[in-house]
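These notes concern the structure reproduced below.
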Amino acid sequence: KKADLGVLGLGVMGAMLALNFADNGGFDVGLYNRTHEKATRLKAENPDLAERLHPSETLQDFVASLATPRVIVLMLSAGSAVDEQLAQLQPLLEDGDIIIDAGNADFNDTRRRNALYDGTGLHFVGMGVSGGESGARHGPSIMVGGSAEAFKRLKPLLEPIAAKYDGSPCIDWLGTDGAGHFVKTIHNGIEYADMQMIAEIYAILRDGSGLPAGQIGDVFADWNTRGLSSYLVEITATVLKEVDTETGKPLVDLIVDEAGQKGTGRWSVIEAQKLGIGATALEAAVAARCISSARHLRLAAAEVYGDLGIDAAIFGTAPADIAELESALETAKIVAYAQGYTVLAAASEEFGWNLPMGEIARIWRAGCIIRSVLLQDIMQAYEGGASVQNLLLVPAFAERVKLGQVALRKVVAKAAAAGVPVPALSSALAYFDDLRRGRGAANLIQGQRDFFGAHTFRRLDREGVFHHIWPEA
Ligand code: 6PG
């Protein structure tokens, strides 16, 4: 019997997806990995699923082992590895076969690859998969891009392996070519902002309030029962409470403070900039990771400026102080999501995807890294096809932000006074303040531009475009 589909690339994510297809889908899964041993080991280590796992030693055998028209899921490191694999596969495939790139691809690459397959009879599908290792194994959130026709065939294969929220699978087709990978990229940009803002609150509680890691963990665990309830807050509590068995110290206190990044968060910000959208909390989060990784520079600067210290007296630990931080984080999080969604809306327009915004929130409610109760509210904001300019203008969010901005403002002000950096929280606040003032300060910038470059300006009191003859500097 031929396999229902094949998984190519059996790193952690590929291996977990293959097991998920066999287990939750009940599918026969062809397996291929450059180092064959990985494929045979996966089968050997999963005896309960072994009858549905079919490793092949060569790419030719792998392709031949799949039922036609074939479905091949690539799970490779994003970049040239994908192009190389596609080139090797193409001559072995036939009309109607579907190749899915399930890695964290740059959506620009996905668009390029899509165009490459146009008119060849083969289908190329760029698919965002979120949920890390455990999500891939037990139910990720799946963001599909490519042809709607290909998705029709893929749906019965993908629905059984996707996360379920109240029984409904967290998967959908979001648009043509790069739509799925773009949405995944923005998911990751939001993920970065979420993580950074959580880390900033942690820094306040650690360096401002002087709480030990375990107690900060308790604070996050408590917050996880209300408006901030989310996977990231939940794991934050767990990470903070973990104790290193060898030293007896909180493990988090022993971890080097340099954040890694593989690229998607950065891409989200680059794409936002290309689209002319200010996603400042996401930008701040990416920049903060970059600054964190310049540890030697930070240590040198600590030598120079360390005696300035942090004013620990500014942040208290009374219930009201903790509640203020909770409200600040919740408010800034709403702003970050609003920014992420404006990037999605702009891209949808630019690339003609017609992204289903409410549906994106729906499929992010389970399985993915940013799953949270907030996404339920975002989904509702788009209900009935409501057109949303910016989530901060939706009455339900406006009410929450009106209340919460008080806390966010106090926390950002206190952090500035104390000397605890809160770049993402303060970016979120500045964005909100910028958005809510009808009259900004860019009139001066226009004046400056016209002064030195005759770039012209428009006037409030007259129609038209003007250039002024300014006095010499
Ligand atoms: C997910 C995650 C995942 C991501 C890394 C984080 O949604 O499951 O976003 O896809 O690749 O876990 O990436 P960084 O290494 O950039 O932090």
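What follows is calculated from the coordinates using simple rules that are stated; it is not laboratory data. Note that the structure is predicted; figures quoted are calculated from it, not measured. Here Cβ is always computed from backbone atoms with ideal geometry, including for glycine, and neighbour counts include all displayed protein chains.
Taking 22 Å as the straight-line reach from the Cα of LYS414, the lysines in range (excluding those fewer than 8 positions away in the same chain) are LYS333, LYS402. Over segment 196-273, the pair-distance histogram of Cα-Cα distances with 5 Å bins from zero comes to 3, 14, 20, 22, 17, 12, 8, 3, 1, 0 percent, rounded to whole numbers. Karplus-based coupling profile of segment 120-136, in residue order and whole Hz: 8, x, 8, 10, 10, 10, x, 10, x, 10, 10, x, x, 4, 5, x, 4, with θ = phi - 60° in 6.51 cos²θ - 1.76 cosθ + 1.60 and x standing for Gly or Pro. Rounded to the nearest 20 debye, the dipole magnitude of the chain is 700 debye, with +1 charges on Lys and Arg beta carbons, -1 on Asp and Glu beta carbons, and the Cα centre as origin. For GLY6, the residues whose modelled amide H falls within less than 5 Å of its own, excluding neighbours fewer than 5 places apart on the same chain, are GLY30, VAL71, ILE72, VAL73. With a/c under 1.5 counting as rounded, go ahead and sort segment 271-323 into rounded, prolate or oblate using the C-alpha gyration tensor (a ≥ b ≥ c being the square roots of the eigenvalues; past the cut-off, prolate if a/b is larger than b/c, else oblate). It is oblate, given that a/c is not under 1.5 and a/b is not larger than b/c. Helix 264-274 axis versus longest C-alpha principal axis of the chain: approximately 60°, rounded to the nearest ten. Per-residue ellipticity at 222 nm, computed for the chain from helices alone with -39500 (n - 2.57) per DSSP H run of at least four residues, works out to -16500 deg cm²/dmol. Here the gap between ASP434 and ALA417, fully extended at 0.36 nm per residue and compared with their Cα-Cα distance, gives a gain of 4.0 nm.
Look at the dipole of segment 378-457 built from charges on Cβ: of PRO421, HIS455, SER387, the Cα furthest out on the positive end belongs to PRO421. Computed over neighbours whose Cβ is under 9 Å from that of PHE457, the net charge equals +2, Lys and Arg +1, Asp and Glu -1.
Anisotropy class assigned to segment 185-436 is prolate, per the alpha carbon gyration tensor with a/c at or over the 1.5 cut-off and a/b larger than b/c. Can you bin segment 1-57 into rounded, prolate or oblate? Criterion: square roots of the alpha carbon gyration tensor eigenvalues sorted a ≥ b ≥ c, rounded for a/c under 1.5, prolate for a/b above b/c, oblate for the rest. Taking the square roots of the gyration eigenvalues as a ≥ b ≥ c, segment 1-57 is rounded. Karplus-based coupling profile of segment 331-344, in residue order and whole Hz: 5, 5, 5, 4, 4, 4, 5, 4, 5, x, 5, 5, 5, 4, with θ = phi - 60° in 6.51 cos²θ - 1.76 cosθ + 1.60 and x standing for Gly or Pro. Would any residue of segment 203-225 have its amide N under 20 Å from a label point 7 Å out along Cα→Cβ of THR245? List them or say none. Of the residues in segment 203-225, 214 have backbone N under 20 Å from the label point off THR245. What is the distance in Å between the Cα centroid of segment 98-137 and that of segment 1-28? Cα centroid of segment 98-137 versus Cα centroid of segment 1-28: 16 Å apart.
Look at the dipole of the chain built from charges on Cβ: of VAL7, GLY128, HIS54, the Cα furthest out on the positive end belongs to GLY128. Between helix 295-305 and the chain there is an angle of about 10 degrees, using the helix long axis and the longest principal axis of the Cα atoms. The charge dipole of segment 5-177, taken about its Cα centre with unit charges on the Cβ atoms of Lys, Arg (+1), Asp and Glu (-1) only, comes to about 140 debye.
Of all lysines in the structure, those lying under 22 Å Cα to Cα from LYS249, and not within fewer than 8 positions of it along the same chain, are LYS241.
Amide H to amide H distances under 5 Å link VAL243 with LEU251, where only residues 5 or more positions off or on other chains count and H is placed in the peptide plane.
For segment 318-468, taking Cα atoms only, Rg and Dmax work out to 19.1, 57 Å respectively. Which residue, GLN376, GLY358, LEU408, has the largest displacement toward the positive end of the dipole of segment 357-408 when charges sit on each Cβ (Lys, Arg +1; Asp, Glu -1)? With unit charges placed on the Cβ atoms, the residue in question is LEU408.
Applying 0.36 nm per residue to the separation of ASN46 and GLN389 and subtracting their alpha-carbon distance, the gain on full extension is 118.6 nm. Altogether, the Stokes-Einstein calculation at 20 °C and 1.002 mPa s, with the Kirkwood radius of segment 5-177 over Cα pairs as Rh, returns a diffusion coefficient of 136 µm²/s.
Taking the chain as the reference, fit the longest principal axis to its C-alpha atoms, fit the long axis of helix 213-223 to the helix C-alpha atoms, and give the angle between the two in degrees, 0 to 90, nearest 10. Roughly 80 degrees, rounded to the nearest 10.
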